[in-house]
Number of protein chains: 2
Amino acid sequence: MPPVPLTDRVLMGPGPCNPYPEVAAAFARPLLGHLDPEFIALLDDTNERLRQVFRTTNPLTFPVSGTGSAGMEAAFVNVVEPGDAVVVGVNGVFGERMCDVAGRCGAEVVRVEAPWGQPLDPQSLLDAHPSPRLIAAVHAETSTGVRNDVACLGQHLRHQDAEALVLVDCVTSLGGIPVEVDGWGVDLAYAGTQKCLGVPPGLAPFTAGERAVARLVDRPRSWYLDLGMLARYVTGEGARVYHHTAPVSMVYALHAGLGALLDEGLEASWARHRECGEALQAGLVELGFELFAAEGHRLPELTTVWVPADRLPAGMTEADVRRTLLERDGIEIGGGLGEFAGKV
Amino acid sequence: MPPVPLTDRVLMGPGPCNPYPEVAAAFARPLLGHLDPEFIALLDDTNERLRQVFRTTNPLTFPVSGTGSAGMEAAFVNVVEPGDAVVVGVNGVFGERMCDVAGRCGAEVVRVEAPWGQPLDPQSLLDAHPSPRLIAAVHAETSTGVRNDVACLGQHLRHQDAEALVLVDCVTSLGGIPVEVDGWGVDLAYAGTQKCLGVPPGLAPFTAGERAVARLVDRPRSWYLDLGMLARYVTGEGARVYHHTAPVSMVYALHAGLGALLDEGLEASWARHRECGEALQAGLVELGFELFAAEGHRLPELTTVWVPADRLPAGMTEADVRRTLLERDGIEIGGGLGEFAGKV
């Protein structure tokens with residue numbers, strides 16, 4: 001069976017992106033067992049790099065063995081019990097997904113909506129319920145290109161001595177724009193590897209602070225994502241207790257990608273994303289495109305434009321344009337989702 | 001940050017094993033988007049290879065985006081509802097794990113036990129409950145080296161027109177000893193990539209038959225492992241509906257490993273494992289070791305021996321011997337689990 005030929009693409013879609021060259025080298029390393037002292041040391045170092053990128057000192061910081069959505073599920077399933085009120089900000093696909101995941105945990109989901117393309121109002125999230133278990137929001141909405149203001153949530157709650165935990169989806173923000181888990185008082189955060197970390201998809205960087213760890217549910221609905229069990233393998237002193245077999249090669253890849261990012265410097269990466277994003281967005285406007293995301297809340301690392309329907313070649317749809325770009329030029333961009341499919 | 005040096009090991013433990021050379025080449029392929037037609041074609045081809053290896057025509061056959069334990073959770077969470085009776089065979093760590101996972105789904109778990117090192121009695125599994133939702137067993141118990149007789153379960157149930165589904169854990173059997181999903185009437189099966197498939201850990205090959213698909217629960221507890229949603233991306237005709245971002249590089253690796261396995265031929269792989277396992281076991285007995293697993297039910301691909309306590313060098317434990325093997329000779333073997341830690 002000959003290997004299937006695969007074309008090298010320029011990945012300009014909403015993820016995966018082209019990985020750092022260091023990642024391919026890491027994949028080529030010989031495999032180690034998941035309890036090998038050399039692998040444990042590499043995992044520890046990966047977790048320390050993740051702490052630097054999340055800007056946290058949380059001991060429970062590690063890559064969940066699944067994609068970003070597994071990180072989302074791990075965040076909810078470990079702190080939400082049936083009947084808990086959970087406030088969720090919804091202004092795109094991933095806020096909707098949070099409602100679905102929280103609902104499956106038996107939560108009373110309190111939705112706080114904003115139109116797609118507009119940011120969430122943080123005060124509305126804080127005011128939505130008198131005593132929620134959790135307030136959850138997506139930092140960078142991949143489906144709209146909007147940055148939500150999540151920095152103030154934790155600080156407000158701490159000033160009020162409120163019990164609620166703050167959960168932030170950093171899938172498309174981590175590494176690309178400032179994320180300050182400790183500085184913002186975020187209790188639970190997760191990301192994906194395939195966005196601004198420059199690593200193929202497959203792991204969900206995850207961090208949980210002291211307040212979240214103190215409130216872990218006794219026996220979460222998911223065995224695979226049980227943080228109490230996972231902590232005995234991924235962190236801690238002395239012997240590691242086997243839970244599941246770690247995805248060794250993907251950890252190599254993440255370790256290498258984080259190394260490349262930290263070699264550049266986190267602030268330098270933010271500045272590079274800002275500079276490139278602003279240049280792209282200014283250029284698109286100059287070409288006559290209309291940007292979709294609200295001004296002042298545009299992500300530099302993910303740009304959304306309205307499809308200029310009147311300028312499409314006769315008989316061509318937006319999907320045809322994307323297919324032509326991919327097949328003729330090897331460039332991938334992404335299509336709009338939900339009611340904006342074919343329009344953004 | 002220099003890359004952490006890693007030593008090349010001879011991996012003789014219970015997994016991961018050293019991957020096929022073709023896998024390293026696959027990891028080096030350029031990344032594709034998860035909706036790229038070239039990637040979808042490669043995923044389709046991977047699924048077709050999995051069907052050949054599972055010996056099934058099940059359309060819903062694909063790699064779950066997590067390790068083998070995620071496959072286990074996917075199998076239970078999609079067909080078990082609170083109050084369902086679930087019969088589980090328990091003669092090792094992974095039967096115990098099944099009880100935990102089923103219990104978290106709210107199942108009434110009916111345990112059918114055998115001592116560690118002994119096989120399960122299939123008739124006891126069939127007789128354990130008058131109308132279970134599911135009968136579940138581990139084919140190859142990684143913690144003991146025992147092969148359980150799972151071939152007859154489905155056939156018995158079908159002859160009796162019983163409603164129960166049959167779920168088989170094939171993590172350490174798939175590719176190494178005969179697995180006949182269709183021939184045995186297995187409704188749900190999963191495996192891991194890091195055992196007899198020769199691929200690093202990170203994915204769980206999975207298959208669900210028509211009877212299982214007809215009884216999927218409406219809204220499983222896990223969003224990430226929701227088979228109904230996953231099916232709209234991983235299988236089917238026409239447009240694929242995005243669920244989560246597929247772990248593209250790991251799919252490359254699995255595709256390559258399955259290619260190497262099928263190039264050799266499945267029967268040839270079974271014969272090779274049998275020949276090597278029998279030679280190893282005969283040699284160990286000749287050296288004075290006592291095999292742990294019951295005769296007639298010994299896995300050729302995973303061999304367990306009692307630690308000859310009287311022959312350990314003075315002051316050395318079983319763990320010291322394994323550490324010396326690893327550090328001095330670069331050879332990894334595994335230690336016993338549970339009450340057999342330090343003894344097997």
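The values are calculated or read from the model by the stated rules, or taken from the named source; none is laboratory data. On a predicted model such as this, the values are computed, not experimentally measured, just so you know. Neighbour counts run over all protein chains shown; Cβ positions are idealised from the backbone, glycine included.
What to note about this one:
- Criterion violated by residue A:11 - all others in (1) within 11 Å of chain B (Cβ to nearest Cβ); (2) out of contact with any strand residue (DSSP E or B) (no Cβ under 9 Å at 6 or more places or on another chain) satisfied: (2)
- Options B:286, B:290; residue that is more than 16 Å from residue B:143 (Cα to Cα) and in contact with a Phe, Trp or Tyr (Cβ under 6 Å, 6 or more places away or on another chain): B:290
- Looking across segment B:44-57, the residues that are more than 7 Å from chain A (Cβ to nearest Cβ) and either more than 20 Å from the chain's Cα centre (by Cα) or in a loop (DSSP other than H, G, I, E, B) (or both) come down to B:44, B:55, B:56, B:57.
- Beta carbons closer than 6 Å, at least 6 apart along the sequence or on distinct chains, pair a first residue in segment B:35-59 that is at pLDDT 95 or above with a second that is among the polar types (S, T, N, Q) and part of a loop (DSSP other than H, G, I, E, B) for B:59/B:235.
- Segments classed as helices (runs of 4 or more DSSP H), wholly inside segment B:201-268, with at least 2 members that are modelled with pLDDT of 95 or more and surrounded by 23 or more Cβ atoms within 10 Å (Cβ to Cβ): B:248-264
Conditions (1) over 18 Å from the mean Cα position of the chain (by Cα); (2) farther than 28 Å from residue B:42 by Cα, marked per residue:
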| residue | (1), (2) |
| --- | --- |
| B:239 | yes, no |
| B:248 | yes, no |
| B:256 | yes, no |
| B:260 | yes, no |
| B:266 | no, no |
| B:269 | no, no |
| B:283 | yes, yes |
| B:296 | yes, yes |
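- Top-ranked residue of segment B:153-200 - restricted to ones that are in a strand (DSSP E or B) and not aromatic (Phe, Trp, Tyr), ranked as farthest from residue A:250 (Cα to Cα): B:165
- For segment A:317-344, the candidate set comprises residues that are β-branched (Val, Ile, Thr) and under 26 Å from the mean Cα position of the chain (by Cα); within that set, the residue that is nearest to residue A:115 (Cα to Cα) is A:344.
- Residues of segment B:174-190 include none that is out of contact with any Asp or Glu (no Cβ under 7 Å at 6 or more places or on another chain), within 11 Å of chain A (Cβ to nearest Cβ) and surrounded by 24 or more Cβ atoms within 10 Å (Cβ to Cβ).
- Checking residue A:92 against (1) under 17 Å from the mean Cα position of the chain (by Cα); (2) among the small types (Gly, Ala, Ser); (3) surrounded by fewer than 24 Cβ atoms within 10 Å (Cβ to Cβ), the condition it does not meet: (3)
- Residue within segment B:93-103 that is more than 26 Å from residue B:265 (Cα to Cα), in contact (Cβ under 8 Å) with a residue 24 or more places away in the chain and assigned to a loop (DSSP other than H, G, I, E, B) present: no
- Candidate set from segment A:306-318 (those that are of a type outside the set (Val, Ile, Thr) and surrounded by 13 or more Cβ atoms within 10 Å (Cβ to Cβ)); member that is nearest to the other protein chains (Cβ to nearest Cβ): A:318
- Of all residues in segment B:192-220, those satisfying the criterion of being of a type in the set (A, V, I, L, M, F, W, C) and away from chain A (no Cβ under 12 Å) are B:196, B:197, B:206, B:208, B:212, B:213, B:214, B:216.
- Taken over segment B:280-311, the criterion of being among the hydrophobic types (A, V, I, L, M, F, W, C), over 19 Å from residue B:195 (Cβ atoms) and in a helix (DSSP H, G or I) is satisfied by B:282, B:284, B:285, B:309.
- Which listed residue is among the charged types (D, E, K, R) and in contact (Cβ under 8 Å) with a residue 12 or more places away in the chain, from A:218, A:226: A:226
- For segment B:18-43, a residue qualifies if it is more than 8 Å from chain A (Cβ to nearest Cβ) and over 30 Å from residue A:333 (Cβ atoms), and the qualifying residues are B:20, B:21, B:23.
- Qualifying residue in segment A:276-299 (condition: surrounded by 11 or more Cβ atoms within 10 Å (Cβ to Cβ), within 19 Å of residue A:332 (Cα to Cα) and at pLDDT below 95): no
- Whichever residue in segment B:237-288 is small (Gly, Ala, Ser) and touching a residue at least 60 places away in the same chain (Cβ under 8 Å) and, among such residues, is farthest from residue B:201 (Cα to Cα): B:269
- Every condition in (1) at pLDDT 95 or above; (2) part of a helix (DSSP H, G or I) holds for residue A:327 except the one numbered (1).
- Condition met for residue A:143 (buried (at least 24 other Cβ atoms within 10 Å of the Cβ) and small (Gly, Ala, Ser)): yes
- Of the residues making up segment B:102-161, just one is modelled with pLDDT under 95 and hydrophobic (A, V, I, L, M, F, W, C), namely B:157.
- Taking the criterion of being in contact (Cβ under 8 Å) with a residue 60 or more places away in the chain and not acidic (Asp, Glu), the residues of segment B:75-91 that qualify are B:75, B:76, B:77, B:78, B:79, B:80, B:87.
- Residue in segment A:117-135 that is closer than 25 Å to residue A:256 by Cα and either of a type in the set (Gly, Ala, Ser) or in contact (Cβ under 8 Å) with a residue 12 or more places away in the chain (or both) present: no
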